[in-house]
Amino acid sequence: MEFKCVLATRRVVSPKAPGVRAVPVRPAVRRAPVKVVAYRDVHREEKICGLGSEVVNAWFKGIKMGPEAARDALRADVDSTVAYSSHQVLRHHKGQGLDYVLQRIAVGHEMMDLVSHRILATAACSLDDTFFALVEYKYKSKVLGDERINVGYSVMEMDVMYDDTCLKVMALAERSSLSPDDVAGLASLDSTHRAGNATHFPEGDLADYPAGLADEALLANSRAWCLARSSGHPESVLDSALDPSFRLWDAYGVLPVLCDPDRRGEVDACVVKYDQVQDVIRSTKDRYDLKCKVIDSAVSLTKNVGFTHWFSRAVNKDTKVVSEIEAVEVRAGRQQWR
């Protein structure tokens, strides 16, 4: 007998509302009602993280050795109708099915000689079975024929179907940093190498956090972040959500306001401090009518890391041109990397 996984309609994550359960008491004994609050399904999140990590490792095995090396592992973990999308700096791709996913892996295999990859952090949300992973990978560019090693990052997000009969990835979204091949036609080989290497993730901010972070706290923090970036709301909303030591990294290194090209190799080359972040948000809202909402949010069970997937609609106040922006942000401790 074969079971088919069917993914329900995606919904925006919201915390479970606290409920009140009356506790039976003996006569003449008074007790206050017990509040029942939302809890993390640790076992469920561990299973989802295990599945997602297997898919990530199979993905990069295919990039290193060729797509056929990943086929069997992906066939076991990914639904045959899996939806794929990539949101890269200059290229976007969408498709469906295992063969399409293998085609995208083949493109990566043709473009890069993968040296290594590391999963830096994973998280799963047991409210809607979403998985996130932050991956660092090192490679040499086959397209440019350059023997120098480049560093890139990917944030991989997966929608998982998990019930009594099924544990499968139903959708996979990949967001990768700028590569040297992306800018090869615009610069010299040396400039391309510098521009195509992502700003290093501040790994020193990562720490073990066995107790995990609260889903509800991260969601509240993420909503404050979106609210501050929406028109009609003050940037000071962030005061209650972000520590004064907050720093924002531009992982792509393509935003001039964040990145100093002359200092690109340094750890803090693409960093903005808290007061500057508010200035960036304020100046953006001067030019655009913005509305931001949180799509998904998850926190790690083992690291001080949280992921937030958000969507923003921007209308240029002068031209009335509408733009849609979607991103996944990674929060490490009191810091944030985007």
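The values are calculated or read from the model by the stated rules, or taken from the named source; none is laboratory data. Bear in mind the structure is a predicted one, so any value in this text is a computation, not a measurement. Cβ placement follows ideal geometry from the backbone for every residue including glycine, while neighbour counts extend to all protein chains displayed. Each accessible area value is taken on the protein alone, full model and side chains, heavy atoms only, with ligands, DNA and RNA left out. Shrake-Rupley method; radii C 1.70, N 1.55, O 1.52, S 1.80 Å.
Order 99-112, 58-71 from most to least packed using the mean count of other Cβ atoms within 10 Å. List each step's numbers first, then the result.
Details: 99-112: 18.0, 58-71: 19.7.
Most protected by this proxy first, the peptides run 58-71, 99-112.
Roll a 1.4 Å probe over the protein chains and send me the accessible area per residue for segment 72-137 in Å². Working shown, then result.
Details: 2710 Å² over 66 residues.
With the other protein chains kept in place, segment 72-137 gives 41 Å² per residue.
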Nearest-10 value in Å² for the accessible area of I119, using the 1.4 Å probe: 60
Extended-chain gain in nm, criterion 0.36 nm per residue less alpha-carbon gap, H93 and V107: 3.9 nm
Separation of the S231 and I325 label points, Cα + 7 Å toward Cβ, nm: 1.4
Carbon plus sulfur fraction of accessible area for segment 92-175, probe 1.4 Å, in percent: 49
